[in-house]
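Since the structure comes first, as structure tokens, the remarks are kept for the end.
The values are calculated or read from the model by the stated rules, or taken from the named source; none is laboratory data. These figures come from a predicted structure and were not determined experimentally. Glycine also receives a Cβ, built like all others from the backbone with ideal geometry; neighbour counts cover every protein chain displayed.
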């Protein structure tokens, strides 16, 4: 399936798209870091939690905590530590569904980085994505873009440095 | 001294192995001696592990590039939205004229067998469950009949069970308000089984627990009600649903109060007031204040009760609901009564009773009448109790409430006429009327009287 970038008209309610973009990184981090679930295995869990929410969204008042509770239950279920009921009612004190501070910090950084990457220009974005996500070598990038490998290296470094500086600036500036 | 070219410095910083060993040594020596090349080199080597790690994660790029999960979910969201739009159109006429026979025919038709129809019917049931529980029951029954015939795999993640659970839950809510308690338990059993099929969902099971607590509470099965309320409260805390957690806490405190322990209920109600203050919720402040005031009345702290009742009243006068306003006015009148200002109390209580009658809340009107009877009994004016009982008898008859309450009111009238009515009799009638409101088939049994020669 060809992924459709967000921002294109999907036909889904805007609230669904917003909830997904805001909370999906957090849900992934919780599944992977808190429960030790492999990245590839965490993705279907995240999908199912959102699908369950979309199906009966009217019952949900607090979306974020609901989704976090959902991924915790899904992760526990996945790990077969307990059955669904025990996952919900696990003793006298509420289950610690609240993500740890370090997870929240990581997710906050990621959301900042997303905002930053949206602003650094398409050329830099393309280069960084090829290098970091697609794992292309500087030579492969150079071939694709018809540049010299050295030029790619310089551009890549400059883009990284520019992004890093902006990232630090955004980290220090309170969000409005 | 000629500087090292920028590209070569970049290569040296990022991929040093790509440079011949001898040249690498030259560059290293040069960079050590040359501040300008050192700065350029530093520029290329700057690293930050968190930043690098986040850059390498695919979902950092998701808003720009999309993902398979995003596409699948948005397609699914679009389908849900389309189902909801279609249901809105095809159900409009039926929801405006909710006749049961029409629903039976309607839900057997294929185009009505969608999740959107179930969601719409569930929402319609929820919207009227307090004001028109019988109609809510019709909607919920129709929702169940559709939800149960949808294929199990119609939605991903077994989400159809969410809709089934929600439909059974709506049915239970209507049944609770209609006093159909065994049926409500049965509906909740169905809801629980359905919600239990979706391991990601904790909310549905907590909602079931809260509703079941409410049913047990109405049945007077207070221990079971408490267990369920606590379970619901923990579940909502787990799901981060603060509003519903407060609902559960309020019910838990009400159960404690009903069990005759206002001292233990009071701090919970005060926590609810505090929650209302923190969240700037006038409704929670008013409800908590009203309930805490009732605790203070039972504890004999009439001054504090009065302050709390008046705090609640300010909000209920401004924002309603009317029922809560009247209950609070009643509370204030009882404070006056217990304070010994009997004439003032009777005047206030008569005003409240008249308003309850106007709103057709006849059981509350009768309960207020019993407070008036207490005052009249203390003033030794039994004839007025006879008149009052006669009036309430006709109120119940006119309202078509031909239940055991009529026998209780007849007993009140006869005992007052015979000048043998006691405070204990009034208390027994009060307890019966409260139970009979929830269980209309209950029969009134006159309170036992000690043998004549023992007094």
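Can you pull out the residues in the stretch A:22-61 that are more than 14 Å from the chain's Cα centre (by Cα) and at the interface with chain B (Cβ under 7 Å from one of its Cβ atoms)? A:48, A:49, A:51, A:52, A:54, A:55, A:56, A:58, A:59, A:60, A:61 - these are the residues of the stretch A:22-61 that are more than 14 Å from the chain's Cα centre (by Cα) and at the interface with chain B (Cβ under 7 Å from one of its Cβ atoms).
Can you go through B:214, B:220 and tell me which one is more than 7 Å from chain A (Cβ to nearest Cβ) and within 12 Å of the chain's Cα centre (by Cα)?
On the way: B:220 fails: within 12 Å of the chain's Cα centre (by Cα).
Unique residue meeting the criteria: B:214.
Considering the stretch B:1-22, the residues that are more than 14 Å from every other protein chain (Cβ to nearest Cβ) and assigned to a helix (DSSP H, G or I) include one that is farthest from the chain's Cα centre (by Cα), namely B:22. Of the numbered criteria (1) touching a helix residue (DSSP H, G or I) at 6+ places or on another chain (Cβ under 7 Å); (2) at pLDDT 85 or above; (3) assigned to a helix (DSSP H, G or I); (4) more than 10 Å from chain B (Cβ to nearest Cβ), the one residue A:144 fails is (1).
Check whether at least one residue in the stretch B:73-91 is surrounded by 13 or more Cβ atoms within 10 Å (Cβ to Cβ), within 22 Å of residue A:167 (Cβ to Cβ), within 14 Å of another protein chain (Cβ to nearest Cβ) and in contact with a helix residue (DSSP H, G or I) (Cβ under 9 Å, 6 or more places away or on another chain), and report yes or no. For the stretch B:73-91, residues surrounded by 13 or more Cβ atoms within 10 Å (Cβ to Cβ), within 22 Å of residue A:167 (Cβ to Cβ), within 14 Å of another protein chain (Cβ to nearest Cβ) and in contact with a helix residue (DSSP H, G or I) (Cβ under 9 Å, 6 or more places away or on another chain): absent.
Any idea which residue in the stretch B:52-64 is nearest to residue A:19 (Cα to Cα), counting only those that are surrounded by fewer than 18 Cβ atoms within 10 Å (Cβ to Cβ) and within 7 Å of chain A (Cβ to nearest Cβ)? Per the criteria, the residue is B:64. Taking the conditions (1) buried (at least 19 other Cβ atoms within 10 Å of the Cβ); (2) more than 23 Å from residue B:110 (Cβ to Cβ) in turn, residue B:166 satisfies each one other than (2).
Being over 30 Å from residue A:57 (Cβ atoms) and touching a helix residue (DSSP H, G or I) at 6+ places or on another chain (Cβ under 9 Å) is a property that holds for residue B:56. Residue B:121 fulfils the conditions (1) under 27 Å from the mean Cα position of the chain (by Cα); (2) more than 14 Å from every other protein chain (Cβ to nearest Cβ) except for a single criterion, (2). Please determine, by comparing only the residues of the stretch B:28-47 that are within 14 Å of chain A (Cβ to nearest Cβ) and touching a helix residue (DSSP H, G or I) at 6+ places or on another chain (Cβ under 7 Å), which one is modelled with the highest pLDDT. The selected residue is B:41. Summed over the stretch A:6-60, the residues that are in contact with a helix residue (DSSP H, G or I) (Cβ under 8 Å, 6 or more places away or on another chain) and assigned to a helix (DSSP H, G or I) give a count of 37.
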